[in-house]
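Just below is one structure, and these are the notes that go with it.
The values are calculated or read from the model by the stated rules, or taken from the named source; none is laboratory data. These numbers were taken from a predicted model, which means no experiment stands behind them. Backbone-built Cβ (ideal geometry, glycine too); neighbour counts: all protein chains shown. SASA here: full protein model, heavy atoms, side chains in, ligands and nucleic acids out. Shrake-Rupley method; radii C 1.70, N 1.55, O 1.52, S 1.80 Å.
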Amino acid sequence: TDLYFIRHGQSEANVSQSFAGSTDSLLTPLGQKQAEVTSAFFEDIKPDKVYASPLKRAYNTGLAVAKRYNLEIETDKRLQEIYGGKWESVPFAELINLYHDDFNVWLTDLGKAVCTEGESTVELQNRVNEAVNEIVKNNPGKKIVIATHATPIRVMECIWNKVSLTEMKDIPWVSNASVTHVRYENGEGKIILRSYDKHLGDMTTELPKGI
């Protein structure tokens, strides 16, 4: 079973450099263009189905793929970005002052982070992994597109690389509208292609350094 994880296109929260979390930040016009260009990436792959986080920035990214190939799109809340609690919609520059101790863990040891009055990366990994395993089980041998977010992909990379969350801090963020191809065999995922964004050319955007 081949899974193609797409991080959503550029969002309004990305532009304002805020912690989006589970807040329903919309795609920017550039983000929508990124989604459209990424949908063309699958011309030769011919995906069978699209799954997406219900948050609009991810859903609309997945929808670009679904529309191009006349596919179903199914939402799953477990694919949502981490719930940031008090951090939701707060600019990154302010978080270190408002919630210094908690956010400092996020910056320095992400695998141990717990958003203030929100979700931990452990909780995030458990729910995303549960959803992914279910998708694999329900779609044996198929090619599936999953439109999701940066932190869900990062926690899953720990599982695919067979490392603990303590090593999550050493895994870089994937870029907007990039494709990460993971092949599942016998219940285990192997990364084939990571954060591929060359198709975007000069439209490539990333999270700011040090977040």
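Within the stretch 51-59, not a single residue is more than 19 Å from the chain's Cα centre (by Cα) and without any contact (Cβ under 8 Å) to a residue 40 or more places away in the chain. Taking the stretch 156-211 as the range and being at pLDDT 95 or above, small (G, A, S) and under 25 Å from E12 (Cβ atoms) as the test, the residues that pass are S175, A177, S178, S195, G201. Of the set (1) in a helix (DSSP H, G or I); (2) open to solvent by less than 20 Å² (accessible area, probe 1.4 Å); (3) not polar (S, T, N, Q), all apply to R78 but (2). Of the strands (runs of 3 or more DSSP E) lying entirely inside the stretch 105-211, the ones with 2 or more residues being open to solvent by 10 Å² or more (accessible area, probe 1.4 Å) and farther than 27 Å from Q17 by Cβ are found at 179-185, 188-196.
Scanning the stretch 19-46 for residues that are in a loop (DSSP other than H, G, I, E, B), under 23 Å from H181 (Cβ atoms) and open to solvent by 10 Å² or more (accessible area, probe 1.4 Å) gives F41, E43, D44, I45, K46. Inspection of the stretch 123-134 finds a residue satisfying the criterion of being within 18 Å of R154 (Cα to Cα), within 18 Å of the chain's Cα centre (by Cα) and among the β-branched types (V, I, T). On inspection, V15 does not qualify as at negative phi, β-branched (V, I, T) and in a strand (DSSP E or B). Can you find a residue that is among the basic types (K, R), touching a residue at least 12 places away in the same chain (Cβ under 8 Å) and open to solvent by 50 Å² or more (accessible area, probe 1.4 Å) anywhere in the stretch 6-14? Taking every residue of the stretch 6-14 in turn, none turns out to be among the basic types (K, R), touching a residue at least 12 places away in the same chain (Cβ under 8 Å) and open to solvent by 50 Å² or more (accessible area, probe 1.4 Å). Scanning the stretch 1-50 for residues that are of a type in the set (F, W, Y) and under 17 Å from the mean Cα position of the chain (by Cα) gives Y4, F5, F19.
Tallying residues that are open to solvent by 20 Å² or more (accessible area, probe 1.4 Å) and touching an Asp or Glu at 6+ places or on another chain (Cβ under 7 Å) within the stretch 83-104 yields 2.
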